[in-house]
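Let me begin by presenting the structure, written as structure tokens, before commenting on it.
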Amino acid sequence: MSNKRSNKHFYYLRISLLLAGAVLLAKNALAEPPAVEERQSDRLRIGLVLGGGGARGAAHIGVLKELERLHIPIDAIAGTSMGAIVGGLYATGMNAEELEQLVGSLDWSAALSDQPAREDLSFRRKQDEREFPINLELGVRGGELLLPKGVIQGQKLDLLLRELTLHASQISDFDDLPIPFRAIAADIVTGDAVVMRSGDLTRSIRASMSVPAVFAPAAIDGRLLVDGGTVGNLPIDVMKRMDVDVVIAVDVEFPLYKPEELNSVLTISEQMLTIMIRKETLRQIDTLTDNDVLIRPELGTYASANFDDITETIGPGSDAVAAVSSRLAPHSLSQFDWEAHLAARKKLPDPNQKLAFVRVIHDDRLDTKVLESKLSIEAGDDIDTALLARNANRLYGLELYEHVAYRLVEENGETGVEYKATAKSWGPNTLQFGVSLQDDFEGSTSFNLAARLTKSALNKLGAEWRTDMQLGTEPALVSEFYQPLSFDSRWFVAPRVEIGKSNLNTFLQGDNVARYRVSEGDFGVGLGRELGTIGEFRVGAFRGAGDARVRIGDPSLENIDFDTGGVFASLRVDSMDASGFPRKGTYADVRWSQSLPGLGADYRFDIVEGDFAQTWSKGKSSLQLGLSYATTLSSDNTIQDFFPLGGFLRLSGLEQGEISGPHAGLARLVYYRRVGSQTGGVFDTPIYLGVSAEAGNVWQTRSEMDFSSMQLNGSIFAGLDTYIGPIYLAAGFGENGQTNFYLFIGATQR
């Protein structure tokens, strides 16, 4: 009896333990699901290969969108060129929707250029841009002319990529990203393929898409790297070495032209490049197995450089995945497993919210203190991508460097920012060019070619020697040595010499009766102070001499010789966002000079001159108010202190310089509107239509100056903002029925 009872108790105990264990297991199952690796231990690892193709590569985003919708997990990514950009950003944790919003909102024209925002240029560089607008810079070294290594240095694109990958900036091993990643580039020296699996993620992506001759090569670990398209545009072999079981390869290469389309040197050249790239791509595709999936979006002849309509390629990318969905179906996860897969991805650590330090690394003669003085960011500031990029642009705006990058650095448990400025490989001596043409279609034409040689970073304070030479109707030679007096470059001294010739027309009752050829030279020295990046103030002294000879007209007219000398003060401000067709900002140039016989001048008098312009914009329309004023105090009415009016936007109905006097005043209101295609594309040339209303005159005495004596004029014009500067075609009208037509190329007229 007792044995039966014991057995029974033992039986109940076993049942109770089993029930308790079942309950415990159930509670654990409900409380915490097993890791995704445990639940999916038999799942095949999938690698995604994204090929290069320029703007066509945005189709990769459509591919990712559809893969996400189908719950296809991606365990590794390898990409080339645009495939490296999309793949690299996706590997850091961005999803397809975020990528689509990004490419749709980007100003690709700005991203694929180097020109910094004008507000980030130093004042001297703003002068260069206004006076020598041709978008070409050559280096001069040892009597040899040097070209940049690419049309685009990639500064803005680098900063954009750095902003987008900042949360991954402290990851040096790309296997530690949420999705392991590889970027493929080519060594331009050896021609070898370079697989980047560690280092600076931003620079690696940037190197992979550095199309030779378009983008400058990226220097990484002593190698010059360019777009990997020629050596591995579809890097399937790289992916097969990343421990994956299935490869999904996306080919977005441009198709070969048909025979009837090979009708120009350009298309034949493109065909040869495509054949070279395609040969290696086909070899890579041949390595795919039956388990792998090849995706080719139907993009037709969508151009690789067509970034204007880039989002149009996203749909075909999604459609191409949908077409092979049956082959992908075995790899699709349930909703529960998909969410678990996403949750199991590595999480990137958030950087500290404050900067512990700020430092600058550079490779030129300047003292580091000079560069540090240009920064507005300092230790203790928040980690703000806009602020970090803005300060990089400030250094780049000195136009001493071909590339300025920043990165977050972790030291002793603290996070700081390190700026690295790389000196121009074609510098530090640079040559810029300008061209100007003025034609009134009445026989008065002026044409000049100009060049500016700037020798930069001559000492640790940043001295520079700038020499201008102009050939043509108004030949000139100007040379100035600019020496900062402190590390912050605020105070400076600038000796200067200038010689030149110009034409001066004289009119009688509206008829051009003579043309004088004025030759003049002077030298002087100025002491000045920079006003941040918007302007400068100078005081100084000068000494010079000149003559005016009759070139056309009555030979009995008097020739004049004169000597000049005196002191001056000037204030110049330029906050315009563009020199050609600004949308906002202020321009002012005010100068006072006193002619003193004690410093060699023939006469004693004072001159005050001022030009002012303020621009406002709304939408595509801009409105500019301009004022000009010049007056001579105690004038002896000599030829050098007469101020001419007449010409485009300076009483447009009158001929160039048709009226002149010792006192002049002008006010103008100019409206212009951007018209035509507003794509904002890489090769977009803005077109403007505008009108002006002008009122002004010249007077022999200051007492005669009166609003009632002002002449009313106006103009209509068309303008282009081109790589050689602004171009205007205009018609001017005067209140007495005068009409003039103008063509201007180059120098800004306002």
Exercise for the section: Give the cross-link partners of Lys346 among the aspartates and glutamates, using a straight C-alpha distance below 15 Å as the criterion and excluding same-chain residues fewer than 8 apart. Expected result: Glu37, Asp75, Asp173, Asp175, Asp176
Handout entry: Efficiency of FRET between Arg327 and Gln115 - r from beta-carbon atoms, R0 41 angstrom, step 0.05
Key = 0.30
Handout entry: Two-site label geometry, Ala731 and Val189: point separation in nm, points 7 Å out along Cα→Cβ
Key = 6.2 nm
Handout entry: Cα gyration tensor category, rounded, prolate or oblate, for segment 204-255 with a/c compared to 1.5
Key = oblate
Problem - Selection from Leu355, Trp426, Pro255 lying farthest towards where the dipole of the chain points positive, charges on Cβ - result: Leu355
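How big is the Rg/Rh ratio for the chain, C-alpha atoms only, Rh by Kirkwood, two decimals?
Numbers: Rg = 34.2 Å, Rh = 30.5 Å.
That ratio is 1.12, to two decimals.
For every other residue with a beta carbon closer than 9 angstrom to the beta carbon of Gln155, add +1 if it is Lys or Arg and -1 if Asp or Glu, then tell me the sum. Walk me through the numbers before you get to the answer.
Details: positive: Lys156; negative: Asp114, Asp158, Glu402.
Local net charge: -2.
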Fill in the blank from the handout: Under the 7 Å Cα-to-Cβ spin-label approximation, Arg241 and Val539 lie apart by a distance in nanometres of 6.9 nm
Completion exercise
Projected onto the charge dipole of segment 451-559 (unit charges on the beta-carbon of Lys, Arg, Asp and Glu, signs +1, +1, -1, -1), the Cα from Gly544, Ser556, Ser489 with the largest positive-side position is that of Ser489
Practice task
Using the structure shown, list the pairs from Lys424/Lys455; Lys354/Lys460; Lys240/Lys420; Lys156/Lys584 with a Cα-Cα distance above 24 Å, or answer none.
Solution key: Lys354/Lys460; Lys240/Lys420
Exercise for the section: Please determine, in degrees from 0 to 90 and to the nearest 10, the orientation of helix 385-396 with respect to the longest principal axis defined by the Cα atoms of the chain, where the helix direction is its Cα long axis. Expected result: 40 degrees
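At most 15 other C-beta atoms within 10 Å and a DSSP loop state: those are the exposed chymotrypsin sites (Phe, Trp or Tyr not before Pro) I care about. Give me the longest piece of the chain that has none. Before the final figure, lay out the partial values.
Details: sites that count: Tyr257, Phe357, Phe441, Phe683, Tyr723.
Answer - 1-256.
Students sometimes get this wrong: rank Ser436, Ser660, Ser703 by accessible area, probe 1.4 Å, all chains present, largest first.
Working: Ser436 25, Ser660 45, Ser703 105 Å².
Correct descending sequence by accessible area is Ser703, Ser660, Ser436.
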Fill in the blank from the handout: Computed over the chain: longest principal axis from alpha-carbon atoms vs helix 96-105 long axis, angle to nearest 10 degrees, is 10 degrees
Handout entry: Neighbourhood net charge (9 Å Cβ-Cβ; Lys/Arg +1, Asp/Glu -1) for Phe181
Key = +1
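Per residue, how large is the accessible surface of the chain? Use a 1.4 angstrom probe and give square angstrom. Please report the intermediate quantities before stating the final value.
Values: 35350 Å² over 750 residues.
Accessible area per residue, the chain: 47 Å².
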Exercise for the section: State the percent of C-alpha pairs, over all pairs in segment 188-302, separated by a distance greater than 22 angstrom. Expected result: 44 percent
Completion exercise
Env charge @ Arg390, Cβ radius under 12 Å, K,R +1 / D,E -1, value -3
Handout entry: Cα Rg, Dmax, segment 445-485, angstrom units
Key = 13.3, 45
Practice task
On a 0 to 90° scale, report how tilted helix 2-31 is relative to the longest principal axis of the chain, with both axes built from alpha carbons and the result rounded to the nearest 10.
Solution key: 20 degrees
Practice task
Please report the relative contact order for the chain, taking Cα pairs under 8 Å with a sequence separation of at least 6, and give it as a percent rounded to a whole number.
Solution key: 11 percent
Exercise for the section: Pull up the cross-link candidates among the aspartates and glutamates for Lys618, meaning alpha carbon to alpha carbon under 16 Å and not fewer than 8 places away within one chain. Expected result: Asp577
Problem - Length released on extending from Phe612 to Gln271, taking residue separation times 0.36 nm less the Cα-Cα span - result: 117.4 nm
Problem - For segment 409-458, the spread of Cα positions along each principal axis, largest first, Å - result: 74, 23, 15
Fill in the blank from the handout: Here P(r) for segment 247-390, Cα-Cα distances in 5 Å bins, as whole percents, is 2, 6, 10, 10, 11, 10, 8, 10, 11, 12, 8, 3, 1
Exercise for the section: Quick one: grab the alpha carbon gyration tensor of segment 505-649, order the square roots of its eigenvalues as a ≥ b ≥ c, and give me rounded if a/c is under 1.5, else prolate or oblate depending on whether a/b is larger than b/c. Expected result: oblate
Practice task
Please find the FRET efficiency linking Arg69 to Thr473, where r is the Cβ-Cβ separation and R0 is fixed at 51 Å, and quote it to the nearest 0.05.
Solution key: 0.15
Completion exercise
Taking the convex hull of the alpha-carbon atoms of segment 59-166 and averaging its shadow over every direction gives an area in square nanometres of 9.8 nm²
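Taking the Cα centre of segment 274-331 as origin and charging only Cβ (+1 Lys, Arg; -1 Asp, Glu), how large is the dipole, in debye to the nearest 20? Write out the running numbers ahead of the final one.
Values: 5 positive and 9 negative charges, 52 e Å.
Using only the charged Cβ atoms, the result is roughly 240 debye.
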Exercise for the section: Take the Cβ-Cβ distance between Asp384 and Ser198 as r, set R0 to 30 Å, and report the resulting FRET efficiency rounded to the nearest 0.05. Expected result: 0.65
Practice task
Mind putting a number on the dipole of segment 124-275 about its Cα centre? Charges go on the C-beta only, +1 for Lys and Arg and -1 for Asp and Glu, and I need it in Debye to the nearest 20.
Solution key: 560 debye
Practice task
Counting only C-alpha contacts under 8 Å and six or more residues apart, can you give the relative contact order of segment 104-163 as a whole percent?
Solution key: 49 percent
Exercise for the section: Please check the chain for the longest run free of GluC sites (Glu not before Pro) that are loop-located per DSSP (anything but H, G, I, E, B) and have at most 15 other Cβ atoms within 10 Å. Expected result: 1-297
Fill in the blank from the handout: Computed for the chain: size of charge dipole around the Cα centre, +1 on C-beta of each Lys and Arg, -1 on C-beta of each Asp and Glu, debye to nearest 20, value 2120 debye
Practice task
Pull out the extension gain between Thr739 and Thr445, defined as 0.36 nm times the separation in residues minus the alpha carbon to alpha carbon distance; nm, one decimal.
Solution key: 104.2 nm
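Please work out how much length the chain gains when fully extended from Ala667 to Arg141, using 0.36 nm per residue of separation minus the C-alpha to C-alpha distance, in nm with one decimal.
Working: separation 526, 0.36 × 526 = 189.36 nm, distance 4.64 nm.
Here the answer is 184.7 nm.
Average projected area of the Cα convex hull of segment 406-532, in nm²? Intermediate values should be presented prior to the final figure.
On the way: hull surface 52.1 nm².
Across all orientations, segment 406-532 yields a mean hull projection of 13.0 nm².
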Handout entry: Options Leu299, Tyr401, Leu64, ranked by Cα towards positive dipole end of the chain, top entry (Cβ charges)
Key = Leu64
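The values are calculated or read from the model by the stated rules, or taken from the named source; none is laboratory data. Quick caveat: nothing in here was measured; it's all calculated off a predicted structure. Reconstructed Cβ throughout: ideal geometry from the backbone, glycine too, with neighbour counts over all protein chains shown. Accessible surface is based on the protein model in full, side chains and every heavy atom, while ligands, DNA and RNA are left aside. Shrake-Rupley method; radii C 1.70, N 1.55, O 1.52, S 1.80 Å.
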